[in-house]
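Readers should treat all values here as calculations from the given coordinates under stated rules, not as data from a laboratory. Note that the structure is a prediction, hence the values are computed from the model and not measured. So basically every Cβ, Gly included, is an ideal-geometry build from the backbone, and we count neighbours across all protein chains shown.
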Amino acid sequence: MWVQDSLRAKVSVATRENNNPLAQRMLASLLITAAKIGGEKTMRSFASIRFARFVAVMMVLCAPLARAQDPVKIDPAHYKVELENDRVRVLEFISDPGDKEGWHSHPAFVVYVVTGGTLRINTPNGKSNDVEFTAGDILYREPVTHATENIGKTQLRAIIVELATP
């Protein structure tokens with residue numbers, strides 16, 4: 001049992017530090033499965049360096065998804081709710097040069113760009129895109145989880161119309 005306790009303690013610290021409920025559920029599931037199929041012997045094999053690396057990689061990859069939240073709640077300095085009902089939520093978004101937003105999610109949405117600018121948009125898979133928005137652009141976007149940074153030299157203002165999920 002010492003291996004199980006040791007592994008649980010190490011991963012528990014990592015998941016607590018990241019406040020990652022998805023990683024915590026994954027760990028619990030792995031520990032229960034390992035105990036059922038092989039007991040202590042299986043637990044020793046799970047404690048290998050390769051398994052520890054796998055858990056660490058999964059926590060890093062899943063952390064943004066587990067932490068992604070409502071942009072208005074995590075970043076009220078950049079978002080303001082203008083209208084909300086059972087069909088849509090309309091947000092005003094203002095980002096000055098150098099501003100960064102944390103990980104957040106949007107349901108399907110439409111964006112109307114009031115004043116253009118350049119955003120670096122980071123996705124949970126580690127990719128990033130620099131996107132130039134022009135005043136007057138109207139864009140439809142599928143549901144997304146991302147973090148952004150205004151890398152331009154101008155303030156970007158946009159109206160975001162989030163669509164309610166049926």
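Worth pointing out:
- Output for the range 95-125, where each listed residue is under 17 Å from Ala77 (Cβ atoms) and of a type outside the set (A, V, I, L, M): Ser95, Asp96, Pro97, Gly98, Asp99, Lys100, Glu101, Gly102, Trp103, His104, Gly117
- Test: residue in the range 130-142 that is in contact (Cβ under 8 Å) with a residue 40 or more places away in the chain, surrounded by 14 or more Cβ atoms within 10 Å (Cβ to Cβ) and of a type outside the set (Asp, Glu): no
- Wholly within the range 65-166, strands (runs of 3 or more DSSP E) carrying at least 1 residues that are of a type in the set (S, T, N, Q): 88-95, 104-106, 109-115, 117-122, 128-133, 144-150
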